[in-house]
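Structure first, then comments.
The values are calculated or read from the model by the stated rules, or taken from the named source; none is laboratory data. Fair warning: this is a prediction, and the values are worked out from it, not measured in the lab. Because the Cβ atoms are built from the backbone with ideal geometry, glycine has one as well, and the counts that use them run over all protein chains shown. Quick note on the areas: whole protein, heavy atoms, side chains included, nothing else; ligands and nucleic acids left out. Shrake-Rupley method; radii C 1.70, N 1.55, O 1.52, S 1.80 Å.
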Amino acid sequence: MKKIFLTGSLFIYSFIINAQTLTLDTCYALARQQYPLIKQLDLIAKTKDYNVSNASRGYLPQVNFNGQGTYQSAVTQIPLDFKFGGITISIPTLSKEQFNMHGELDQTIYDGGMIKQQKQLQEANADIQTQNVGVELYALKDRIDQIFFGALLIDAQLKQNNVTQRDLQNNIDKMQANVTNGTALESNLEELQAELMQQQQNEITLRASRKAYMDMLSLFINRQLTDSAALMSPGNVKVSDSIRRPELAFYDAQKKNDDVQDKLLNVGNRPKFSYFFQGGYALPGLNAFDIDPAWYYITGFRLSWSLDGFYTLKNQRQLLNIDRQGIDIQKQDFILNTRINLKQQSADMIKLEQLINKDNDIINKRTAVKNSAKVQMDNGTMTVHDYISELDAEDEAKQSLLLHEVQLLMDEYNYQNTSGN
């Protein structure tokens, strides 16, 4: 099912890109997929698997080979001779040149849970690294938002610019007819034409800015976008003040790592029990009175228990507790700062909603004034310059509305990103 879902998602994304229509969610997904840091997750997973595998091999028999050759200044001698049936028997003296070559196999039977905890420690360390990468990848959404909504605002401004240009062109056509009929001055026509040229300059500036935004977006999503690529405006979202940021999982992963290390302190102070087998070739062998090299073997069980860890156990636990408290402080500080940011963003959204309401009222008034000015200009009771001033005032009011609407939409998504929802 996962493979089917992934294949379907990639097909949808591919279709959207080919159609040169982008949504914000598509940009999120493609940017995350193409971002170089995403490769780190695969490396972390592989490293964890290798480390856990290495820890698991502690259950396998451990084999060691050792060799030693020595020359010693003296050896044990027993200066006794026995006479038996006229034959003198002397106890042989060992050679001062001795050697021992042997191999030893050691099989863990009980390690106090050390291997198990080492595996959990490797998993906890991998989880910390994974969550840390997740935090950095999450910050990518803010960068995409800045680019996406910046381009959206320019799209809205371009539409408004086109409306203004059409309005001006209609007036130029009428003024041209009046000039031809001798009912209007050539300077009136030229003033309207100059204003149209100004709007055309604004369009050039806006299109250049949009291209810069789209070029940046292309780099993030690793897709070539043409000038005709369209951005689909996302819908308004219902904001939530619950905090679900990936940083919280990062702090929890750090505390889990301390818990695992706490358990390691316990298992490190437990006795260890193992089976061993040692076999070798030595001079002397196990028979100390045999002066010839001999093969030998020793087998049995071994118990080891070091009490050194108990000396520092209390201090080690105190250090882990201090680290946990430090993590809690960082987490609380992060939550506090996040809530402060959410309060500020919430206040900004309320302000923008109020501004949008006023923008609509202002536009209605400005449109009414402009329409009246147009009638007066057509009747010759108002100059073209005064009409253009009213036209610019209406355009400015509409531009303000567009800006506030896009800012409100962006603030809603920023709020969701800040809260982690």
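Brief remarks follow.
- Among the candidates Lys343, Lys314, Lys272, Lys331, residue that is in contact with a strand residue (DSSP E or B) (Cβ under 9 Å, 6 or more places away or on another chain) and charged (D, E, K, R): Lys272
- Residues being touching a residue at least 24 places away in the same chain (Cβ under 8 Å), basic (Lys, Arg) and open to solvent by 50 Å² or more (accessible area, probe 1.4 Å) - total across segment 201-214: 1
- Meets criteria (more than 29 Å from Tyr413 (Cα to Cα) and modelled with pLDDT under 90) for Ser53: yes
- Single match in Glu97, Glu104 (criterion: of a type outside the set (S, T, N, Q), open to solvent by less than 50 Å² (accessible area, probe 1.4 Å) and closer than 30 Å to Tyr281 by Cβ): Glu104
- Selection over segment 292-305 of residues that are open to solvent by 80 Å² or more (accessible area, probe 1.4 Å) and not charged (D, E, K, R) gives a count of 5.
- Test for Gln131: is it in contact (Cβ under 8 Å) with a residue 12 or more places away in the chain and either over 28 Å from Tyr251 (Cα atoms) or open to solvent by less than 40 Å² (accessible area, probe 1.4 Å) (or both): no
- Here the condition is being of a type in the set (Gly, Ala, Ser), modelled with pLDDT of 90 or more and open to solvent by less than 30 Å² (accessible area, probe 1.4 Å); of Ala126, Ala184, it holds for Ala126 alone.
- Residue, nearest to the chain's Cα centre (by Cα), within segment 379-413, restricted to residues that are open to solvent by 30 Å² or more (accessible area, probe 1.4 Å) and small (Gly, Ala, Ser): Ser400
- Scanning segment 215-256 for residues that are farther than 28 Å from Leu121 by Cα and open to solvent by 70 Å² or more (accessible area, probe 1.4 Å) returns Met216, Leu219, Asn222, Arg223, Gln224, Asp227, Ser228, Met232, Ser233, Asn236, Lys238, Asp241.
- Filtered residues of segment 178-229 (kept if within 30 Å of Asp386 (Cα to Cα), not β-branched (Val, Ile, Thr) and not in a helix (DSSP H, G or I)): Gly182, Ala184, Leu185
- Residues of segment 274-303 satisfying the condition of being at pLDDT 90 or above and among the small types (Gly, Ala, Ser): Ser274, Gly279, Gly280, Ala282, Ala294, Gly300
- The residues listed here are Asn162, Asn178, Asn171; of these, the one that is closer than 30 Å to Val406 by Cβ and at pLDDT below 90 is Asn171.
- Candidates in segment 382-399 are the residues that are of a type in the set (Ser, Thr, Tyr) and in a helix (DSSP H, G or I); of these, the one that is nearest to Gln199 (Cα to Cα) is Ser389.
- For segment 104-111, the condition holds for no residue, the condition being that it is part of a helix (DSSP H, G or I), modelled with pLDDT of 90 or more and among the aromatic types (Phe, Trp, Tyr).
- Boolean, Gln376 is free of Cβ contacts under 8 Å to residues at least 12 places away in the same chain, closer than 30 Å to Glu186 by Cβ and either open to solvent by less than 80 Å² (accessible area, probe 1.4 Å) or assigned to a helix (DSSP H, G or I) (or both): yes
- From the options Asp308, Asp359, residue that is within 42 Å of the chain's Cα centre (by Cα), open to solvent by less than 50 Å² (accessible area, probe 1.4 Å) and free of Cβ contacts under 8 Å to residues at least 60 places away in the same chain: Asp359
Rundown of residues vs (1) in a helix (DSSP H, G or I); (2) in contact with a helix residue (DSSP H, G or I) (Cβ under 8 Å, 6 or more places away or on another chain); (3) modelled with pLDDT of 95 or more, yes/no style:
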site	(1), (2), (3)
Asn315	yes, no, no
Leu320	yes, yes, no
Gly326	yes, no, yes
Ile329	yes, no, yes
Lys343	yes, no, no
Met349	yes, yes, no
Leu352	yes, yes, no
Ile356	yes, yes, no
